[in-house]
2 protein chains.
Amino acid sequence: MASGSESGTGRVTLTDVARLAGVSRSAASFALNGRTDLRISEETVARVRDAAEELGYSPNTTAKTLRTGRSGTVALVSDFIGTTSFANSMVRGALQALRDADALLYTVETEGDRAAEARVLQNLLNRDVDGFIYASMFTRRVEVPAVIERAPVVLLNCVSPDDSVPAVVPDERAAGEAAAAALLNAGHRDRIWFVGTFQAGVTGGAAWHGWSPLALTERLAGIRTALHAAGVELAGTLPIERDWDIANGRASVARLLASSTPSALICVNDAVAVGAYQALQDAGLHVPGDVSVVGFDGSPLTEAVVPTLTSLALPHEELGRVAARMLLEDPSAPRTERIPMPLVAGASIAAPAGIR
Amino acid sequence: MASGSESGTGRVTLTDVARLAGVSRSAASFALNGRTDLRISEETVARVRDAAEELGYSPNTTAKTLRTGRSGTVALVSDFIGTTSFANSMVRGALQALRDADALLYTVETEGDRAAEARVLQNLLNRDVDGFIYASMFTRRVEVPAVIERAPVVLLNCVSPDDSVPAVVPDERAAGEAAAAALLNAGHRDRIWFVGTFQAGVTGGAAWHGWSPLALTERLAGIRTALHAAGVELAGTLPIERDWDIANGRASVARLLASSTPSALICVNDAVAVGAYQALQDAGLHVPGDVSVVGFDGSPLTEAVVPTLTSLALPHEELGRVAARMLLEDPSAPRTERIPMPLVAGASIAAPAGIR
């Protein structure tokens, strides 16, 4: 494996170096970047450097950072700008940070077309952009195009297969824990359902391009962790048909209500939660008196329903701001920043009703 | 007035030329641009050219169009990117059109700060951008910074004081007419109220920067025109406190319901309409059985309420696409393109209930 690359792209990654040196990826990064503020022995530093040399590891981002920027331009390359509209606050956050540094932003949308992406990335490189923010409109793992690794890159709302590229993502797992904690604190102990898994082999509708959202697995993992710590288990998970939208949320919850009355519903996003409200209303059940509901995203939908929906908010603007700052400052140390998702308190959680 | 400028900016406009020549602004534009596909007499052309010479009129955009583009880059300069999130589909539309032309887009957000705007515009000009799309997140009149008139400019979702700069805006007036027509077709003849005017001297909350939205005046004008043609008049207009949001819509309609029951509510946007739903529900009134409701924007909120809200949709993506195409093709002929706002049919309009 000495000459191989874990990610299969032919590029030797920091993970390969760390493995050969027998240290953590973070320690390898710190060693190669000469960080003196961390306790890493001289011996470890030497071992990491030997491993890097043996593998021919070339840290793509250490040589040229924006501190020595040449063109004063950064490119934000994303799959979709308009699909999930409120994710655009990421662009806003990035623009704010870049304006402070008098840097200009190119905005590029690929719509998931890899050929178009390659062409536009080459065009940007020909213009000597100082760095790339490579963004996804929902949190997922991406194959970072090799061509942009010629310049500093920070991933926004996505991560690379081996976490070797600096990234900024929402802390989805902690948000899952917070959603469960909100219900536990209100006294819920059983009949807590999760709404919004996919059926086997399905990963959303056409807009999803077969991409699997990390939000689903990480939110669900956080929920299970927090419940389990309290000696509670999910009653079950309810799949939705295709997209996480209002109609599918309503249909999914209606199927549950035909046979069972939940104590609380944790919905994978706000749109599914709005659908849940509608199904509950159709069944003559009240939120939160009969059933508590919590969502994720913190979208404008939370204010559109009565009672207002409690939700864990995607920190889009902060994500964009942190990614841009990371790029401006020094993206050479691979790390994944997880930005907290604040709880936006609505009026959709109450003490559980008695068993019916 | 021969040397004066109507807009007071010191720049001689096409309107000034047209007035001196005694022709319409369109005719003046066509004459100066040598259009042969329109019936303009040689005598008129000569008169317009004499007037232009006398006034020292210099058409800012005729000399260099993107057909002879040098850098393959365009800049979209807007006041706010993230505030009204779903307006970002304008950026998406522009990106699609530019990608077809292999042009790259700089995205710039000024947050309404004129000093920051001037700095970034100069920076962009130094980079030889081929043209500017100058955008507002809500439809309004803007003072176009003189510096960007050195390159071709198309206004997106805004218009210049004298309409001398090419612009693409939603057809707000026609949308107002369509909203009124939907109610008239359902049989409404009286007790039709408009919700969402501002009280005297107030033009929205802090986010509005004192900008007066054209959407309000034009939507209302269209509503009055269509009603008047059917021999019907608005029962009245209901002011809202500051912003066009759910809470203010709810409060405004609650004040009306304390003294009167409407037959239909035309709400200035979807958020105000959602607030109207809530106030009606609080009063024990049903939509649409007791009161019909129609909104504007076609936002995701329309699907979040029961019954779904009928709304006139802002064609954001189309606005962006048309603006970019206009810039790419030939922005030299000043014209204002009004893009239709399609009616998104919900279930919020029905025949009027009897007088209570």
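No lab work stands behind these numbers, since they all come straight from the coordinates. Just so we're clear, the structure is a prediction, and the values are computed from it rather than from any experiment. Don't worry about glycine lacking a Cβ; one is built from the backbone with ideal geometry, like all the others, and counts go over all protein chains shown.
A crude spin-label estimate for the pair A:D282 and B:R119, with each label 7 Å from Cα along the Cβ direction, gives 5.5 nm. Placing pseudo-labels 7 Å out from each Cα toward the beta carbon at A:T261 and B:S260 gives an inter-label distance of 4.3 nm. Once the Cβ-Cβ distance of A:T225 and A:N126 is raised to the sixth power relative to R0 = 35 Å, the FRET efficiency obtained is 0.15.
Each other residue within a Cβ distance under 15 Å of A:D270 adds +1 if Lys or Arg and -1 if Asp or Glu, for a net charge of -4. At an R0 of 56 angstrom, the distance between the Cβ atoms of B:A353 and A:S41 translates into a FRET efficiency of 0.10. Name the shape class, rounded, prolate or oblate, that the alpha-carbon gyration tensor gives for the stretch B:211-266, where a ≥ b ≥ c are the square roots of its eigenvalues, rounded holds for a/c under 1.5, and otherwise prolate holds if a/b is larger than b/c and oblate otherwise. Because a/c hits 1.5 or more and a/b fails to exceed b/c, the stretch B:211-266 counts as oblate. Under 5 Å between amide hydrogens, built in the peptide plane, is the criterion, and for A:V195 it picks out A:L238, A:I266, A:C267, A:V268 among residues at least 5 positions away or on other chains. For A:R141, the label point sits 7 Å beyond Cα toward Cβ; its separations from the matching points on the remaining copies run 5.7 nm, from shortest to longest.
Peptide packing for A:106-116, A:232-242, B:303-313 was compared via the average number of neighbouring C-beta atoms within 10 Å per residue; ordered from the highest value, the list is B:303-313, A:106-116, A:232-242.
Selection among B:T217, B:Y277, B:A304 by position relative to the dipole of the stretch B:172-315 gives B:T217 as farthest towards the positive end (Cβ unit charges, Cα centre). For the stretch B:95-104, backbone phi angles converted through the Karplus equation (6.51, -1.76, 1.60; θ = phi - 60°) give residue-by-residue couplings of 4, 4, 5, 6, 5, 4, 9, 6, 9, 9 Hz, Gly and Pro being listed as x.
For B:V291, the residues whose modelled amide H falls within less than 5 Å of its own, excluding neighbours fewer than 5 places apart on the same chain, are B:H286.
Order by neighbour count: B:S259, A:S164, A:S263, fewest other Cβ atoms within 10 Å first, most last.
On the way: B:S259 6, A:S164 26, A:S263 23.
Listed from fewest to most nearby Cβ atoms, that is B:S259, A:S263, A:S164.
Please say if the stretch A:206-356 is rounded, prolate or oblate, where rounded means a/c under 1.5 for a ≥ b ≥ c the square roots of the C-alpha gyration tensor eigenvalues, and otherwise the choice is prolate for a/b larger than b/c and oblate otherwise? Judged from the Cα gyration tensor, the stretch A:206-356 comes out prolate (a/c at least 1.5, a/b above b/c). Near B:V305, no amide H atom lies under 5 Å from its own; only residues 5 or more places off or on other chains count, and H is placed 1.01 Å from N. Remark: the stretch B:137-143, residue by residue, has Karplus-estimated 3J(HN,Hα) of 6, 9, 5, 7, 7, 10, 8 Hz, where x stands for each Gly or Pro and the curve is 6.51 cos²θ - 1.76 cosθ + 1.60 at θ = phi - 60°. Residue-wise HN-Hα couplings along the stretch A:324-330, as the Karplus relation 6.51 cos²θ - 1.76 cosθ + 1.60 with θ = phi - 60° gives them from phi, are 5, 5, 4, 5, 5, 7, 5 Hz; Gly and Pro carry x. Mean partner shielding of peptide B:100-111, defined as the number of other chain Cβ atoms within 10 Å of each residue Cβ, is 5. When only the Cβ of Lys, Arg, Asp and Glu is charged (+1, +1, -1, -1), the dipole of the stretch A:82-200 relative to its Cα centre reaches about 300 debye. Reducing the stretch B:243-311 and the stretch A:256-310 to their Cα centroids gives an inter-centroid distance of 21 Å.
For the stretch B:172-315, what is the charge dipole size about the Cα centre, in debye to the nearest 20, if Lys and Arg each add +1 at the Cβ and Asp and Glu each add -1 at the Cβ?
Magnitude of the dipole: close to 260 debye.
With each label modelled as a point 7 angstrom along the Cα→C-beta vector, the B:S71-B:E53 pair spans 3.6 nm.
Each residue in A:Y57, A:Y134 was given a count of other beta-carbon atoms within 10 angstrom of its own, and listing them fewest first yields A:Y57, A:Y134.
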